[in-house]
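Report on the following structure.
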Amino acid sequence: MDFDFLFYTYTGLLAFYTLIGLFFWRRTNAAYRIMVVNIAFAMLTEVTAWLVVTKHWMENNFVIFMPYMCGSFVLYMFFFKLNTRDRLLHIVSWCTAVFMPLFMLLNYFVLQDPGRYASNVLVLGSVFLIGACLRTLYLTMKNADEVSIYEKNGFWMSTLILIHYTLLVLYFSFVNYRTDNLLDQSTDYIIEISFRYLNVLFYLALNLIFIKELLFSPQPGEQKQEV
């Protein structure tokens, strides 16, 4: 598979998630509505970043991805906050919403050159997000005697995002290094193709979890048990 095919595949998965989310908007709860917005944000960013590079409007698309990363982390945090109703996540998500945009601006104007990939923003946002995943997993296992852990979407979402963003930190932390120190073509190809396969698997799993949420979520008027 070449890069373009994989790009079209995971962008199509983003579009599918967005369309399904909009079509079943009234059926989803507040947490999954935030996730739909987040996925739509990711789709628009991916398409814009692809255009600016293929049309040679910019030398790289780092500037395009920086506000997306910042906003995506904030949306993810509010997803976990609404999906768990946990007071600690409630506090941390609001702190993230205030602190992450400020840190993004600080990183852009002071810490990292505008032409560099904002790896500092990614690492900090991932710390918040990985912490939210671990907190959600803890709450899920704590209440496992009430509802089977495997029946809770919070468990699957947290596990998926935890694995995905842990791997992304490893990948993006070396983007600037790879830009400055060109690797041999075969090594660079393996890294890039692996990253795109990771995206395809991640968005495919997100779609499956979302469909499960739609199929097995309570009808209006029924009480849904939080993790």
Stretchable slack from residue 123 to residue 170, in nm (0.36 nm times residue separation minus alpha-carbon distance): 16.0 nm
222 nm mean residue ellipticity, helices alone, for the chain (DSSP H n ≥ 4; -39,500 (n - 2.57); rounded to 500): -26000 deg cm²/dmol
Most mobile of 213, 151, 46 in a GNM of the chain (Cα contacts under 10 Å): 151
Value in Å of the Kirkwood radius, where segment 50-138 supplies the Cα pairs that are averaged: 13.9
Spacing of the two label points (7 Å from each Cα toward its C-beta) at residue 98 and residue 8, in nm: 4.7
Computed lengthening from residue 47 to residue 29, 0.36 nm per intervening residue step minus Cα-Cα distance: 3.7 nm
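How much length would be gained if the chain were fully extended between residue 85 and residue 37, taking 0.36 nm per residue of separation minus their Cα-Cα distance, in nm to one decimal? All intermediate terms of the calculation are to be shown ahead of the outcome.
Details: separation 48, 0.36 × 48 = 17.28 nm, distance 1.96 nm.
Residue separation times 0.36 nm, minus the Cα-Cα distance, leaves 15.3 nm.
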The chain: relative contact order in percent, alpha carbon pairs under 8 Å with at least 6 residues between: 24
Estimated vicinal HN-Hα couplings, Hz - segment 162-177 in sequence order (Karplus 6.51, -1.76, 1.60; Gly, Pro = x): 4, 5, 4, 6, 5, 5, 5, 4, 4, 5, 6, 5, 9, 4, 5, 5
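We did not get these values from a lab; they are worked out from the coordinates using the rules stated. As the structure is a prediction and not an experimental result, all values here were calculated from the model. Quick reminder, even Gly has a Cβ in these numbers, built from the backbone with ideal geometry, and neighbours come from all protein chains shown.
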